[in-house]
Amino acid sequence: MKKIDINPSEVLFLIGDTGTVGILKVSDEKMLFIGTPEKEEIVLYLEKDDLIAVSAFGTGEKYEKGIKSMAYITREMESPIIVLPKDHPSSKRLKMVLSVGESIRLDCDITPGTHPEQDILCSCNSLSGLKIEKSKSGVIINNNNKINYKIEKL
């Protein structure tokens, strides 16, 4: 278990072999909406220390900028989260996916963008299996392996 402190103006990047996950705090109590393939809308009631996790299928500055942009659109503009049907052809072309909540499990064996459950997020193989949980001062990462990470301003 690793505890990492982050404040609302920072993003934590977990850096894998072929992917990057950015994590930040929601920072304010709010509602976010999830549009499902069944044409339903699910409401997420979020607390300020809940997490936004954005998984990008690549590494480096380009992907980190994308993560920051997607996080901004979700957190500051309260853009709804869209879930694709399981067999949607665009799933193969997604460069990033996100999840929001108090606990998020990374998994490389799911189809990107097709899970309305916000406790699971598609990731690269080397980050798969990590469980990220909110804490008052940051995050708790449950895994015994060494994790490459860095923290940057948003």
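The values are calculated or read from the model by the stated rules, or taken from the named source; none is laboratory data. Just so you know, these numbers come straight off a predicted model, no measurement behind them. Please note: Cβ atoms are built from the backbone with ideal geometry, for glycine as well, and neighbour counts cover all protein chains shown. Please note that ligands, DNA and RNA were not included when accessible areas were found on the heavy atoms of the full protein model with its side chains. Shrake-Rupley method; radii C 1.70, N 1.55, O 1.52, S 1.80 Å.
For the reader, a short list of remarks on this structure follows.
- Tabulated pairs, the stretch 130-154, first within 24 Å of G66 (Cα to Cα), second loosely packed, with under 15 Cβ neighbours inside 10 Å and small (G, A, S), C-beta under 8 angstrom, 6+ apart or interchain: K153/S9; L154/S9
- Checking the stated criteria, P89 turns out not to satisfy the condition of being open to solvent by 20 Å² or more (accessible area, probe 1.4 Å), modelled with pLDDT under 90 and touching a Pro at 6+ places or on another chain (Cβ under 6 Å).
- When the stretch 109-139 is filtered for residues that are within 15 Å of the chain's Cα centre (by Cα) and farther than 24 Å from G60 by Cα, the ones remaining, listed by number, are T114, H115, P116, E117, Q118, D119, E133, K134.
- Selection within the stretch 11-70 - touching a Pro at 6+ places or on another chain (Cβ under 7 Å) and part of a loop (DSSP other than H, G, I, E, B): S27, T36, P37
- Residue match in the stretch 1-18 (condition: open to solvent by less than 20 Å² (accessible area, probe 1.4 Å), out of contact with any Leu (no Cβ under 8 Å at 6 or more places or on another chain) and not aliphatic (A, V, I, L, M)): yes
- Residue match in the stretch 82-92 (condition: under 23 Å from S27 (Cβ atoms) and not in a loop (DSSP other than H, G, I, E, B)): yes
- Looking only at residues of the stretch 53-78 that are without any contact (Cβ under 8 Å) to a residue 60 or more places away in the chain and open to solvent by less than 40 Å² (accessible area, probe 1.4 Å), we find that the one that is farthest from the chain's Cα centre (by Cα) is G60.
For every residue, the table says whether it meets (1) in contact with a helix residue (DSSP H, G or I) (Cβ under 8 Å, 6 or more places away or on another chain); (2) open to solvent by less than 30 Å² (accessible area, probe 1.4 Å); (3) not charged (D, E, K, R).
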| site | (1), (2), (3) |
| --- | --- |
| D119 | no, no, no |
| C122 | no, yes, yes |
| S128 | no, no, yes |
| I140 | no, no, yes |
| L154 | yes, no, yes |
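- Of the listed requirements (1) surrounded by 15 or more Cβ atoms within 10 Å (Cβ to Cβ); (2) of a type in the set (S, T, N, Q); (3) part of a loop (DSSP other than H, G, I, E, B), N145 misses just one: (1).
- Pick from the stretch 19-41, criterion farther than 25 Å from D87 by Cα and among the β-branched types (V, I, T), ranking: surrounded by the most Cβ atoms within 10 Å (Cβ to Cβ): I23
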